[in-house]
Each structure stands twice: as structure tokens, then as C-alpha cells.
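Q: For reference, the structure I am asking about is given below.
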Amino acid sequence: MSEIRKIISKDTLRSNRLPPGQYEIKDWPVLHYGKVPRVDLEKWDFRIFGLVKKEMTLNYQEFLILPQVEVYADFHCVEQWSRLGNLWQGVSSTTISSLAEPLPEARYVIIHCENDFTTILPLEDFLKEDVLFAYKHDQQTLKPEHGCPLRLVVPQLYFWKSAKWVRSVEFTDKDRPGFWEQRGYHDHGDIWLEERFR
Ligand SMILES: Nc1nc2c(c(=O)[nH]1)N[C@H]1C(S)=C(S)[C@@H](COP(=O)(O)O)O[C@H]1N2
Ligand SMILES: [Mo]
């Protein structure tokens with residue numbers, strides 16, 4: 001096995017780690033639209049498509065043998081609670097991107113999840129070094145309600161962009177608002193600029 005690359009999210013090094021308008025909580029609430037999906041790992045796959053040189057589909061075994069990263073990061077819900085000091089383990093967004101080789105026209109990434117949930121983020125944000133597709137949190141396999149088997153984690157944007165139960169990643173040239181973005185949440189969602197709502 002190759003070594004797990006360890007990454008410290010830069011925002012955790014700030015003297016004040018709490019973005020404006022946030023307060024710290026110690027537990028971990030569950031928040032999402034709809035029901036927790038039942039996921040059959042035998043049928044599960046992870047697809048990369050859209051404006052890329054190499055579209056591909058990986059099954060669960062193939063996903064698990066990709067190089068792993070461990071990311072130490074905070075997260076911040078738009079509803080003002082923040083959870084500091086989380087250890088995520090999974091596959092870096094940059095690994096996914098370099099497998100597929102996005103075309104120069106690609107500017108956004110749409111994350112597609114179970115139950116037709118989607119979210120969108122600029123490619124530039126997606127490729128930050130602390131962004132990953134996580135299957136573990138604090139050494140434990142993710143619980144179903146927190147996104148098992150796989151969720152995206154984007155520390156620099158509000159937590160609604162950290163989509164649970166991810167199934168595919170689409171590279172695109174257009175900004176197509178996702179589930180929460182269509183319901184009044186900000187297109188971008190920068191935690192330091194307080195980009196909460198449109
Ligand atoms: N698939 C999916 N992912 C989602 C959501 C959702 O409704 N569906 N909600 C988002 C929101 S608004 C938040 S705050 C976080 C909450 O994640 P948690 O339940 O693990 O705390 O999940 C995000 N990811
Ligand atoms: Mo949220």
C-alpha cells in the first residue's frame with residue numbers, strides 16, 4: 001500500500017478559525033432533504049463525465065484502490081453552526097480530475113447524488129488541495145446519514161456543497177444551479193465572504 005498523503009486545510013491554521021456569523025458546536029447534526037438512501041455497494045458506481053478527455057465509471061472496489069488522502073479540516077453550515085477539527089479520509093478531487101483530464105472549456109463541476117440531489121462549484125474550488133471524496137470521518141466509516149458510502153468535502157465553501165451519497169461528477173462550461181442553489185442559496189458559498197443566500 002502506498003502511504004496516505006496528509007493535508008492540513010489552511011483555514012485551520014488561522015488564529016480565529018470561526019468565519020463571520022458562525023458559532024462552534026461539538027456534536028454533528030444531520031441535515032439533508034429527503035430520506036437517507038439505501039445504497040447497494042454491489043451496484044454502486046462512480047462516474048466521471050462531461051467535458052473531459054476520458055469519461056469513466058469505477059465500481060466500489062476500483063474506487064477504493066485509488067490513492068488516499070487524509071484531510072484535517074473544519075466545516076461550516078449556512079445555518080451558522082461550525083464543527084472544527086475533522087479528520088476526513090478518501091480520494092482527492094485532484095486525483096479524480098487527473099484521471100478524467102478535463103477539457104480547457106470545463107469551468108464548473110456538478111456533483112450528482114442519490115435521489116437526484118445535485119450541487120455545483122467552480123472547477124477552481126473543486127481543485128483546492130483540501131477537497132476530497134470522503135468515505136471516513138475521524139477514523140470511522142461514514143454513517144449512512146452522513147453520506148455513506150461517499151461524500152464530497154469542500155472546506156472553504158458552506159457545507160451544503162459537501163454533497164452526501166455522491167454518484168457522479170460532471171465537468172461543464174455552464175453554471176447550472178443545483179438543489180439548494182435553486183432554493184435561494186448562494187451560487188458560490190464562500191464561508192469568509194458570507195455568501196449565504198442570493
Ligand atoms: N445529498 C445531499 N447532500 C447534502 C444535502 C442534501 O440535502 N442532500 N444537504 C447539505 C447540507 S445543507 C448540509 S448542512 C450538509 C449536512 O451534512 P451532515 O448531515 O453530515 O451534517 O449536507 C449537505 N449535503
Ligand atoms: Mo446546510
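Q: Give me the one-decimal nm value for the distance between modelled label points at Phe197 and Arg5, 7 Å along each residue's Cα-to-Cβ direction.
A: Taking the simple label geometry, Phe197 and Arg5 are separated by 3.9 nm.
Q: Okay, next question. Distances over 22 Å make up what percent of all Cα-Cα pairs in the stretch 1-111?
A: Here the long-distance tail beyond 22 Å is 54 percent of all Cα pairs in the stretch 1-111.
Q: Of Glu145, Glu129, Glu124, Glu181, which has the most accessible area and how do the rest follow, probe 1.4 Å?
A: So, going from the largest accessible area down, we get Glu124, Glu129, Glu145, Glu181.
Q: What whole-number value in cubic angstrom gives the convex hull volume per residue for the C-alpha atoms of the chain?
A: Once divided by residue count, the hull of the chain is 117 Å³.
Q: Hey, can you find the accessible area per residue of the chain for me, probe 1.4 Å, expressed in square angstrom? Can you show the working numbers first?
A: On the way: 10010 Å² over 198 residues.
Spelled out: the 1.4 Å probe surface of the chain, per residue, equals 51 Å².
Q: Then there is this: What is the packing order of peptides 157-169, 82-94, 24-36, 60-72, taking the mean over residues of other C-beta atoms within 10 Å and listing the highest first?
A: Result, highest mean first: 157-169, 82-94, 60-72, 24-36.
Q: To the nearest 0.05, what FRET efficiency results for Lys54 and Asp175 with a Förster distance of 22 Å applied to their C-beta separation?
A: Given R0 = 22 Å and the Cβ-Cβ separation, E is 0.40.
Q: Now for a different question. How much of the accessible area of the chain, probe 1.4 Å, is carbon plus sulfur, in whole percent? Provide the component values of the computation, followed by the final result.
A: Values: 5080 of 10010 Å².
C and S atoms contribute 51 percent here.
Q: Now for a different question. Can you tell me the length gained on complete extension of the stretch Tyr23 to Ser98, counting 0.36 nm per residue apart and subtracting the Cα distance?
A: 23.4 nm
The values are calculated or read from the model by the stated rules, or taken from the named source; none is laboratory data. If you're wondering where the values come from, they're calculated on a predicted model, not measured in any experiment. Neighbour counts run over all protein chains shown; Cβ positions are idealised from the backbone, glycine included. In case anyone asks, the SASA skips ligands and DNA or RNA and just uses the protein heavy atoms, side chains included. Shrake-Rupley method; radii C 1.70, N 1.55, O 1.52, S 1.80 Å.
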